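K.L.:
Starting off with a structure, shown below.
The values are calculated or read from the model by the stated rules, or taken from the named source; none is laboratory data. None of these values were measured; they are calculated from a predicted model. We place every Cβ from the backbone using ideal geometry, glycine too, and count neighbours over all the protein chains shown.
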Amino acid sequence: MLCGLILFFRVPERKHVKNPFSIISPADGRVLKIKEVYENEYFKKPMTRISIFMSITDVHLNRIPVDGKIVYVQYHPGRYLLAFHPKSSELNEHNTIVVETDRGHQILVRQIAGGLARRVRCFVNENEQYRQGDEMGFIKFGSRADVFIPDEYKVSVVKNQKVKAGVSVLAVLKEE
C-alpha cells in the first residue's frame, strides 16, 4: 500500500519542452478524445477539446501548457463520475484554468476529478505569470484533463496516444 502511494504521488524529473509555438500536455495519460465541442464556461464558443485520461498508474501532477499569464481560475464542486464518462467534464468536481500567451492566445485547461479522485488541487493564481512546464496542480487518483485549443493552433496528437506532462506536444501554432 505504501509503495502504491509513493508511486502515485511521484514527481519524476523530466526535460520539459520549452517552445513558445506549441501547447504541451498538462497531464500524463492517454488521449481519450479529440473533438469539436461548445465550451460554455469561459469562451462560450466551439473549440477543439483534447481529453487526456490519467489512469491510477500515471503521474497526476499537472503542468502549465504554455508560457503566459493566468487570466481565469474557477473551482467547481461536483460529482465523481468515471473520468472517461462524457459528462464528467461538466458534472464532476473540476478546476478551470485559462492561460493567456504573450501573443494573446488563450488556452483553457480543465482538471477533472474521476470516480476514484476525491480532490482536485490547483497551485496557480490569477494575474500571475507562469512558464511552460511549471506545476499547475494535482488530481488525486484516476482522473482527466481537458485542453481547449484555439483556432490558431493545429492539433498534433491522435486518439489513444500516450502523452507526458511537460513533454508531449498537443498542438502547434499555425503559420501566421
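K.L.:
For the condition surrounded by 14 or more Cβ atoms within 10 Å (Cβ to Cβ) and closer than 13 Å to VAL59 by Cα, what is the one hit in VAL163, VAL155?
P.N.:
Just one listed residue meets the conditions, VAL163.
K.L.:
Go through the stretch 128-153 and report how many residues are part of a strand (DSSP E or B) and of a type outside the set (Lys, Arg).
P.N.:
Here the count works out to 14.
K.L.:
A further question on this structure: So in the stretch 45-95, with the set limited to residues that are modelled with pLDDT of 95 or more, part of a loop (DSSP other than H, G, I, E, B) and not charged (D, E, K, R), which one is surrounded by the most Cβ atoms within 10 Å (Cβ to Cβ)?
P.N.:
Within the stretch 45-95, the match that is surrounded by the most Cβ atoms within 10 Å (Cβ to Cβ) is PRO65.
K.L.:
Related question: Does PRO20 qualify as being part of a loop (DSSP other than H, G, I, E, B), modelled with pLDDT of 85 or more and crowded, with 19+ Cβ neighbours inside 10 Å?
P.N.:
no
K.L.:
Here is a follow-up. For the stretch 125-145, indicate whether the set of residues that are under 18 Å from ARG79 (Cβ atoms), touching a His at 6+ places or on another chain (Cβ under 8 Å) and of a type in the set (A, V, I, L, M) is non-empty.
P.N.:
So far as the stretch 125-145 goes, yes, one or more of its residues are under 18 Å from ARG79 (Cβ atoms), touching a His at 6+ places or on another chain (Cβ under 8 Å) and of a type in the set (A, V, I, L, M).
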